[in-house]
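Every read-out reported here was derived from the displayed coordinates using simple, explicitly stated rules and does not represent laboratory data. These numbers come from a predicted model, not from an experiment. Positions of Cβ are backbone-derived with ideal geometry, glycine not excepted, and every protein chain shown enters the neighbour counts.
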Amino acid sequence: MIKKSPPVLADAVIVIGAHEQMYWEFLCNSYKIGIPATILEDEVFYFQRQDRKHGLTPSEWVKEGKVARLEAGLEDYEKLNHLLSKNFMDTLDPGEQEALALLGSSKHKGYLFCTADKAAIRALGVLGWRERGISVETLLKRAGRSEALLKRLPYHFSEKWFNNSLQEGFAERHLWLN
C-alpha cells in the first residue's frame, strides 16, 4: 500500500488508542508515522483491552520501519519555550512537549500532529498551528477506514473534540503566549 501524505506525528494516547481499538497496523500501513523519542522510550509500553494489559514493542517498530523515531534538539525546545509561557508548558507532558518542539523545527516540516489530549490540542490553537494538527477521526477517514470503526471511536478522538479544543486554545492565546 502506498503511504498517504502528509506524515503523521503520533502522540502516546493515539498509539495506545489505536492498539486498543485494533487499527494500529492500518495506520502504519496508511501513513508515515513518526513518534517522538520521549514517547517511544518512556511512555508507550502497554495498552488495555478487555481488562488485560498487552505489552508493546516500540523499539521493534523502529527496527521494522513501521515508525520513525524523531528527536527534538535543544534548539527546538528553546524555540517552543520562547513561544509558550512556562505555566502553559507545565500542562503538557514530556511527549507532547517534544512533539510540539518537533512541529516547530525546520527539520520536520510537513508532519501533522495527531493527539487526543486536550492540552496538546489547545497548544496547537495557542500557537496558531491549526493546520499542523489532525484528529484521529479525520486521519482514519482520509485513509478510507470504515464507518463502523469511526462510530466506535472515543469522543476525544473525534473531529468535533479536536476543533473545540483548538478553538479554546486560539481564544486563550493572549494568556499563554510569551
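Some values worked out for this structure:
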{"read-out": "Distance between modelled label sites at Lys118 and Ala143, nm, 7 Å Cα→Cβ extension", "value": "2.7 nm"}
{"read-out": "Shape of segment 1-72, Cα gyration tensor, a/c cut at 1.5", "value": "oblate"}
{"read-out": "Segment 71-115: trypsin sites (Lys or Arg not before Pro) falling in loop per DSSP and having at most 14 other Cβ within 10 Å", "value": "Lys109"}
{"read-out": "Distance in nm between pseudo-label sites at Arg52 and Met22 (7 Å out along the Cβ direction from Cα)", "value": "1.2 nm"}
{"read-out": "Whole-angstrom gap from segment 118-173 to segment 13-90, using each part's C-alpha centre", "value": "16 Å"}
{"read-out": "Most fluctuating residue given options Ala120, Ala68, Ala99, as computed from a GNM of the chain linking Cα atoms under 10 Å", "value": "Ala68"}
{"read-out": "Cleavage-rule hits, chymotrypsin sites (Phe, Trp or Tyr not before Pro), segment 1-107, DSSP coil, Cβ neighbours within 10 Å at most 15", "value": "Phe45"}
{"read-out": "The chain - mean residue ellipticity at 222 nm from DSSP helices (-39,500 (n - 2.57) per run, n ≥ 4, rounded to 500)", "value": "-14000 deg cm²/dmol"}
{"read-out": "Binned Cα-Cα distance frequencies in the chain - 10 Å width, integer %", "value": "10, 39, 37, 13, 1"}
{"read-out": "Contact order normalised by residue count of segment 4-176, Cα under 8 Å, 6+ apart, percent", "value": "23 percent"}
{"read-out": "Within segment 1-57, trypsin sites (Lys or Arg not before Pro) in DSSP loop having at most 14 other beta-carbon neighbours inside 10 Å", "value": "Lys3"}
{"read-out": "Segment Glu172-Lys63, length gained on full extension (0.36 nm per residue, minus Cα span)", "value": "35.2 nm"}
